[in-house]
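Here is the structure we will look at.
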Amino acid sequence: MGKVGLVLEGGAMRGMFTAGVIDVLIQNDVRLDGVVGVSAGACFGCNYQSGQVGRALRYNLAYCRDPRYCSVRSLVRTGDLFGADFCYRELPFELDPFDMAAFEASKVPFWVVCTSVSSGEAVYHCCERADEDMLMWVRASSSMPVVSRPVEREGDQMLDGGIADPIPLRFFEGQGYERNVVVLTQTRDYVKRQSAAWPLMRLALRRQPAIARAMERRPEVYNEAHAYTFAQKREGAAFVLCPREPLPAHRVEHDPRRLMATYFEGQRVAEQELERLRAWL
């Protein structure tokens, strides 16, 4: 049998669904050969390798209303809606430590997807060590345009990987993962449409023309990737876990009840599909 990968879509705080799925996989010793995460998929996906059940839920419930975590105040003061120093230093190193030793001991490759500001194309990086560099790549993958500062990586500036490759299934297939478990934060029948705020966003992105072009294409790119995922499911090359209904949590969510409900929906879907997943594996 070939390698089996885990492909994690983004979706900001809808990623609590992904966190619920991942905890069920850990608790039931579902072992996969590699992980690729986009944006929130990268933020919460790294807990698969570290084996930290409940960590993503715990810190999101504790800090979802903390202005250092996510707030307009943070955006005004730092240029980042999600506070970079708080999210990628204080949280993982001090407040709710990320188990870096366990991450490295797992030996499971962890890839993150970013978007190059200069080209608008996807950039894929394999994080071989758990350290500040890895967290910078995760931050870059999660840096939403307009409300985040680009992150310097490898001589380029990076933003949210979901701009260029929202569901990196084709990429992982190209890396030799012949079959993949794909976790989506949108429903099976979801169709992405251009935001009503797009004219304002395009104006805000006038100094990042490649990102503006990529954002304009984003609905088409997302819908094609979504359709490809379910085509691969029909062929038996993908096992898809996704919500049955739109998730309670919004992209930016400060209500702990909605975050918890979104997490528990991920758990519920994963538990319901667990025996079918084992059989497929």
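The values are calculated or read from the model by the stated rules, or taken from the named source; none is laboratory data. It should be emphasised that the depicted structure is a prediction, and the values quoted were computed from it without experimental measurement. Here the Cβ is made from the backbone with ideal geometry for all residues, glycine too, and neighbour counts use every protein chain on show. To get the accessible areas, we keep the full protein, side chains included, count just its heavy atoms, and leave off ligands, DNA and RNA. Shrake-Rupley method; radii C 1.70, N 1.55, O 1.52, S 1.80 Å.
Values computed for the structure shown
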{"quantity": "Selected from 155, 54, 41 as most flexible by GNM, with the chain as the system and alpha-carbon contacts under 10 Å", "calculated": "155"}
{"quantity": "Stokes-Einstein translational diffusion, the chain - Kirkwood Rh over all Cα pairs, 0.692 mPa s, 37 °C, in µm²/s", "calculated": "176"}
{"quantity": "Proximal lysines relative to residue 107, as straight alpha-carbon distance under 22 Å, when same-chain residues fewer than 8 apart are discounted", "calculated": "3"}
{"quantity": "If the convex hull is drawn through the Cα atoms of the stretch 1-149, its volume per residue in Å³", "calculated": "109"}
{"quantity": "Rounded to whole Å, sorted largest first: equivalent-ellipsoid semi-axes of the stretch 63-193, Cα gyration tensor", "calculated": "24, 20, 16"}
{"quantity": "Sulfur and carbon atoms: percent of accessible area, the chain [1.4 Å]", "calculated": "51"}
{"quantity": "Electrostatic dipole magnitude of the stretch 179-281 [Cβ: Lys, Arg +1; Asp, Glu -1; Cα centre; debye, to 20]", "calculated": "420"}
{"quantity": "Sequence-distant residues sharing a close amide H with residue 115 (under 5 Å, placed H)", "calculated": "123, 159, 160, 161"}
{"quantity": "Residue (of 191, 260, 106) at the positive-pole extreme of the chain, dipole from beta-carbon charges", "calculated": "191"}
{"quantity": "With eigenvalues of the C-alpha gyration tensor scaled by 5 and rooted, the stretch 122-281, Å", "calculated": "28, 20, 18"}
{"quantity": "Protection proxy ranking of 6-19, 66-79 - average other beta-carbon atoms within 10 Å, highest first", "calculated": "6-19, 66-79"}
{"quantity": "Simple Cβ-charge dipole of the chain, Lys/Arg +1 and Asp/Glu -1, about Cα centre, in debye nearest 20", "calculated": "860"}
{"quantity": "For the stretch 36-92 and the stretch 162-190, distance of Cα centres in Å", "calculated": "22"}
{"quantity": "Dipole of the chain, positive end: most advanced residue of 137, 50, 205 [Cβ charges, Cα centre]", "calculated": "205"}
